[in-house]
Amino acid sequence: MFKKRTLRQKQELWAFSFLAIPLFFFVVVRFFPAFYSFNVSLRDWSMLSLEKPFVGLGNFRDLASDEVFWKALRNTFKYVFLGVPIQIVVGLAIALMLHNIRRFVPLFRTLYFVPYITSVVAVAWVWRFMYQPHIGLFNRVLLDLGFEQIQFLRNPNTALYSILAMVIWHGLGFQIVLFLAGLEMIPEMYYEAARIDGANGRQIFFRITLPLLNPTIVFVVIMSSIRFLQIFSEVINMSNEGLGGPLNSTMSMVLHIYRTGFHKFQMGRASAMTVVLFLIVLVITFIQLKVVTRPYEY
């Protein structure tokens, strides 16, 4: 005889049944290709050849002599180590200001969040137009102020930072929303008690706000780092001819992977770079969890 299921068991059965569909999709679309890339990275896998001979770590050894790979790696670290701190500091500063205002709050929050939900490609081309000589907004302002024009995207010394400025601006809305949610979770009684004890604004920020925002900061740091490590659309749409130029000065890891795999059809080497990028993301995330995370309590 079958044992009759309880209501709780029936609910769990239905819940797992509905979860099985997105879980299957996630495994097929995300997990399987990710693990399969490890297999591809160990083969001389060309899209123009039917044979895929096993070469072991040959693709990884070839990366050591790939100058563009090392250039892309250095550029990617520049995007991360410059973009993440700036974006977090600016995002937190704006969130603190928005948290303290009482009028037109929905309007200001919407204005800051709208750029984030706008297409990256559209935003990249608008900024690319603003960077143009003679007709671009930034150079027009420089000319009106009596300064010389700057070749923002055509100069190897300024191209990366010009793209980075757009990436930081575009992602601010997401950071602001997260910080606002974290600020609203901090009980007001702590601020009232601190003010009664005579604490000034600086002491309140560093002794109450910042420590209790730690869970939000950890999440923002990790997500922002992964975002900058995987930067692609902005570079391909704003760099010279979408090739990470000039002189590979804006080349990112993901763009180099894309060019190697789909322009040169060297999927083995592209997969090897993907594995390297995966390990970098894993190590950086682990370090951030250890370094940034602090114990907290309300």
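Take the conditions among the charged types (D, E, K, R), loosely packed, with under 10 Cβ neighbours inside 10 Å and over 24 Å from the mean Cα position of the chain (by Cα) and apply them to residue 8. Does it pass? The answer is yes for residue 8. Filter the stretch 245-266 down to the residues that are farther than 16 Å from residue 127 by Cα and not in a helix (DSSP H, G or I) and list them by number. Answer for the stretch 245-266, where residues must be farther than 16 Å from residue 127 by Cα and not in a helix (DSSP H, G or I): 245, 246, 247, 248, 249, 251, 252, 263, 264, 265, 266.
Of the numbered criteria (1) in a loop (DSSP other than H, G, I, E, B); (2) of a type in the set (D, E, K, R); (3) surrounded by 10 or more Cβ atoms within 10 Å (Cβ to Cβ), the one residue 78 fails is (1). The condition (being exposed (fewer than 15 other Cβ atoms within 10 Å of the Cβ), touching a helix residue (DSSP H, G or I) at 6+ places or on another chain (Cβ under 6 Å) and of a type outside the set (S, T, N, Q)) is satisfied by just one residue among 261, 268, 201, 242: 242.
Filtering 234, 192 for residues that are of a type in the set (Asp, Glu) and either outside any helix (DSSP H, G or I) or closer than 28 Å to residue 284 by Cα (or both) leaves a single hit, 234.
Only a single criterion out of (1) assigned to a helix (DSSP H, G or I); (2) more than 18 Å from residue 164 (Cα to Cα); (3) not acidic (Asp, Glu) is not satisfied by residue 198, namely (1).
Restricting the first member to the stretch 33-46 and to residues that are touching a residue at least 12 places away in the same chain (Cβ under 8 Å) and farther than 14 Å from residue 276 by Cα, and the second to residues that are among the β-branched types (Val, Ile, Thr) and in a loop (DSSP other than H, G, I, E, B), the beta-carbon pairs closer than 8 Å and six or more apart or on different chains are 43/55; 44/55.
FYI, it's all coordinate maths here, none of it is from the lab. Treat the numbers as computed from the prediction; the structure is a model and nothing was measured. Please note: Cβ atoms are built from the backbone with ideal geometry, for glycine as well, and neighbour counts cover all protein chains shown.
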